[in-house]
Amino acid sequence: MDILIVEDEPEIAHLIELSLEKEGFFCRTTRDGMNALRMFQEQPPDLIILDLMIPGLDGLEVCARIRQKPGAKDPYILMLTAKGEEIDRVIGLSTGADDYMVKPFSPRELVARVRALLRRSLRQGGQHQANRTQHFIVDVDQRTASRQINSQEAEVLNLTTLEFNLLTTFVSNPGRVWNRTQLIDKLWGDNFFGDERVVDTHVARLRKKIEPDSANPTFIKTVVGVGYKFEDPQVT
C-alpha cells in the first residue's frame, strides 16, 4: 500500500514514516500543500496522512481539492492537527476526511487507524451482483452506478469509493432504516476509530450527487432520531 505523508514538522514526519514502513507500507513525504497535490496527481496513493497546518495550501484546502477531483484513485484521508476543538474535527470531516487524529498521538494508534481505513469495504462476495430500483442501477462487481430520472437518458454517477459503498448499501435494502452505528459497521468494519458524524457528512455528499434537490431529498430520507433510509421501489 502506498501512503503519502503531508507533514511540515520533520521529526513527526520521520516518526510516521518509520512506524508505517515497519509495518510494510511504502511511504512518500512532503511538507507543503501544493507539492502534495502534485504528488497526488502524478501517482495517486491509497491513503494520505494530511496535517491541517502546512505551508502553502492548508490541509483543508488540499483535502477539498482531492475530493473534487479524485482521479484514478479515491484515497482515504487521515487528517492530523494540533487542534483538538470539536469545530475543527467537524470542518475536517466535512471537507472529505475519513478520520481525524489530534497531536500528540501514539504511533501504534496511528498504524491501527491506517490499517482500519485500508480494510474498509462492503465485505460482499459471491456471484455477480447488480441492484436495480426504479431510478438506479448499481453494479457491485463493475463498481458502476447510474441514475435515470423520468424519461431522461441514464446518467453515470461520479461517486467516490465511500459514496458508492453507501449507495450500494441503501439500494440493496430499500425501506430499511439504518442508524449511524449500523452504517459504520457495514461500510467500515469493526475497527472504526472516527467520529460517528462522518456518516452524516457522506450522506450529505451522496445526496448532492443523486438527489434532484439535495435540500429536499427524494431517495435518502432522514428518520428523525434514528438515522436514514432509502426509498425507491425495487423493480428487479
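The values are calculated or read from the model by the stated rules, or taken from the named source; none is laboratory data. Computed from a prediction, not measured in an experiment: that's the story for all the values here. Heads up, the Cβs are rebuilt from the backbone with ideal geometry, glycines too, and the neighbour counts pull from every protein chain shown. When the accessible area is computed, the model is the full protein with side chains, heavy atoms only, and any ligands, DNA or RNA have been set aside. Shrake-Rupley method; radii C 1.70, N 1.55, O 1.52, S 1.80 Å.
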Which condition from (1) without any contact (Cβ under 8 Å) to a residue 12 or more places away in the chain; (2) closer than 30 Å to PRO44 by Cα; (3) surrounded by fewer than 15 Cβ atoms within 10 Å (Cβ to Cβ) is the one that ASP141 breaks?
(1)
Residues located in segment 145-160, provided they are open to solvent by 50 Å² or more (accessible area, probe 1.4 Å) and in contact with a strand residue (DSSP E or B) (Cβ under 8 Å, 6 or more places away or on another chain)
GLN148, ALA154, GLU155, VAL156
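Just one of LEU157, LEU206, LEU183 is under 14 Å from the mean Cα position of the chain (by Cα) and more than 27 Å from ALA112 (Cα to Cα); which is it? Lay out the reasoning, then the answer.
Numbers: LEU157 fails: under 14 Å from the mean Cα position of the chain (by Cα); LEU183 fails: more than 27 Å from ALA112 (Cα to Cα).
Criteria check complete, one pass: LEU206.
Taking segment 198-229 only, how many residues are in a helix (DSSP H, G or I) and either surrounded by 15 or more Cβ atoms within 10 Å (Cβ to Cβ) or in contact with a strand residue (DSSP E or B) (Cβ under 9 Å, 6 or more places away or on another chain) (or both)? Give the steps one after another, and end with the answer.
Step one: filter segment 198-229 for residues in a helix (DSSP H, G or I), giving 198-210.
After this cut, where a residue has to be either surrounded by 15 or more Cβ atoms within 10 Å (Cβ to Cβ) or in contact with a strand residue (DSSP E or B) (Cβ under 9 Å, 6 or more places away or on another chain) (or both) as well, the list is 198-203, 205-207, 209-210.
Selection size over segment 198-229: 11.
Being part of a loop (DSSP other than H, G, I, E, B) and either buried (at least 17 other Cβ atoms within 10 Å of the Cβ) or small (Gly, Ala, Ser) (or both) is the requirement here; does ASP232 meet it?
Numbers: part of a loop (DSSP other than H, G, I, E, B): yes; either buried (at least 17 other Cβ atoms within 10 Å of the Cβ) or small (Gly, Ala, Ser) (or both): yes.
Yes; evaluated as a whole, the condition is true for this residue.
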How many residues are at pLDDT 70 or above, assigned to a loop (DSSP other than H, G, I, E, B) and within 12 Å of the chain's Cα centre (by Cα) if we restrict to segment 69-125?
6
Counting only residues that are without any contact (Cβ under 8 Å) to a residue 40 or more places away in the chain and not aliphatic (A, V, I, L, M), which one in segment 91-107 is surrounded by the fewest Cβ atoms within 10 Å (Cβ to Cβ)?
PRO104
